[in-house]
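Structure record follows, encoded as structure tokens.
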Amino acid sequence: MLLFTPIKVGRLDIKNRVVMTPMVHGLASEDGYVTDKLKERYRRIAKGGVGWIISEAAVIQPSKSPYNLRISDDSFLPGLREFVNVVHDENVPLGIQIVHFLKISRSGWRQKVEDFSKEDLKVIVKQHVEAAERAKSAGFDSLEIHMAHAFTLASFLSLRNKRTDEYGGLSLENRMRLPMEVYTAVRDTLGKDFPIGIRINADEFIIGGNTLLQSREIAKRFAEMGVDYISISLGSKFEDAKPPEPGFPPEPYSGYSGHRFAPRWWMPEGANVYLAEDIRKHLRKEGLTTPIITAGKISSPEFAEEVLREGKADLIGMARQLLCDPDWPLKVKAEKWNEIVRCMYCGYCMDLDARYEAVKCIQWPEGLENAPTPFTPKQANAKKAAEYIRKQYESF
């Protein structure tokens, strides 16, 4: 199977094409430090045969972000080094995604790109550089700069960026300026051989937002600049979020763009693959060979293999499926497909994240904080997941 052929991303040798893409687990401390629970979660995933893990987003700015991993100052380094060692013990390379986020409040207020002064933008670049230095010092094997969803760099790239200076407006050159400054500064700091990737929105799925027309060009320009891979995501914007519950801030997973970002049970398998396929095709036409990661409701081995064979992507990204059953790669490679515990895409894990609770799978046996070893369909609580889905269906 192509799934189990090696691939090189920059200087990084990856044993197979299955990648754990970033997913918030809510297991960091309230202040963002690595905990034993976080290390054990990633150890369990690494044991399952995944080729490469890209950790959940680590926040680069010194502001409150409860239970999110942070890398905003040197005090986080000891824990991050322990995190790296845990995954390396399982012979799996570990990358880290770094993110700068726009502030939100429980009142519904949201910070916008128009709120930043030019001096603020210099600080954002500096924070990315310092975080990248810490990531390399901690021993991470790769770095991913988050330029997708509702976060800061994605919001600069978006057509919804209404700044009137050289960092916004209708000009793509202007909207790309800050993300390109960040990438260039990080590359200069880490050197040409350190694997650096980006995650971008192929389509924002909001009125007035970016579509493939803009994202093809964004991907092309970063590929020309030498980015080592591009992870294709989409949506997860605040603009179409449903009104939040009292005492909670708006939640970008809740609207159409959020459901497209993480396809639920009613959507087809691989609902977002066509976006990665389109961008990969356009890069190849330009003679650019940058590896492309696709993700979004991929749990069938047959489908994952088809995506690779048809040249729709170079790596298969999984998050919720590997949370549910980390042994997916080992089971597929051993042709024990009937032993896979399939993610039901019920949204339970994401709903926990939205409530700032520790993320787990609804199908795990009661009381466990990680998938058991071994984990079989007979052990899985599929009925509980089905009931969770039924309640959603009735509320529509």
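Here are the numbers for the structure shown:
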{"quantity": "Check on Ser63, modelled with pLDDT under 95, in a loop (DSSP other than H, G, I, E, B), among the polar types (S, T, N, Q) and out of contact with any Phe, Trp or Tyr (no Cβ under 9 Å at 6 or more places or on another chain)", "calculated": "no"}
{"quantity": "Residues of the range 185-221 that turn out to be within 15 Å of Glu277 (Cα to Cα), touching a residue at least 40 places away in the same chain (Cβ under 8 Å) and surrounded by fewer than 20 Cβ atoms within 10 Å (Cβ to Cβ), as a count", "calculated": "4"}
{"quantity": "Pick from the range 308-335, criterion assigned to a loop (DSSP other than H, G, I, E, B) and among the charged types (D, E, K, R), ranking: nearest to the chain's Cα centre (by Cα)", "calculated": "Asp314"}
{"quantity": "Candidates Glu302, Glu224 - the one that is without any contact (Cβ under 8 Å) to a residue 40 or more places away in the chain and either assigned to a helix (DSSP H, G or I) or within 30 Å of Gly191 (Cβ to Cβ) (or both)", "calculated": "Glu302"}
{"quantity": "Every residue from the range 320-336 that is surrounded by 23 or more Cβ atoms within 10 Å (Cβ to Cβ) and either free of Cβ contacts under 8 Å to residues at least 60 places away in the same chain or out of contact with any helix residue (DSSP H, G or I) (no Cβ under 7 Å at 6 or more places or on another chain) (or both)", "calculated": "Gln321, Cys324, Asp325, Asp327, Pro329"}
{"quantity": "Contacts under 9 angstrom Cβ, first residue in the range 233-247 being within 17 Å of Ser107 (Cα to Cα) and hydroxyl-bearing (Ser, Thr, Tyr), partner at pLDDT 90 or above and assigned to a loop (DSSP other than H, G, I, E, B), 6 or more apart", "calculated": "none"}
{"quantity": "Residue selected from the range 311-361 under the condition in contact with a Pro (Cβ under 6 Å, 6 or more places away or on another chain) and β-branched (Val, Ile, Thr), by the criterion nearest to Leu27 (Cα to Cα)", "calculated": "Val341"}
{"quantity": "Selected residue (only one of His128, His149 is in contact with a His (Cβ under 9 Å, 6 or more places away or on another chain) and either farther than 25 Å from Asn68 by Cα or crowded, with 17+ Cβ neighbours inside 10 Å (or both))", "calculated": "His128"}
{"quantity": "Selected residue (only one of Lys118, Lys103 is over 20 Å from the mean Cα position of the chain (by Cα) and of a type outside the set (A, V, I, L, M))", "calculated": "Lys118"}
{"quantity": "Members of the range 102-152 found to be closer than 26 Å to Val9 by Cβ and aromatic (Phe, Trp, Tyr), listed by number", "calculated": "Phe140, Phe151"}
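This table checks each residue for (1) modelled with pLDDT of 95 or more; (2) of a type outside the set (A, V, I, L, M, F, W, C).
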residue: Pro195; (1), (2): yes, yes
residue: Leu234; (1), (2): yes, no
residue: Phe248; (1), (2): no, no
residue: Gly258; (1), (2): no, yes
residue: Phe261; (1), (2): no, no
residue: Tyr274; (1), (2): yes, yes
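The values are calculated or read from the model by the stated rules, or taken from the named source; none is laboratory data. Source: prediction; values computed, not measured. Ideal geometry is used to build each Cβ from the backbone, glycine not excepted, and the neighbour counts take in all protein chains shown.
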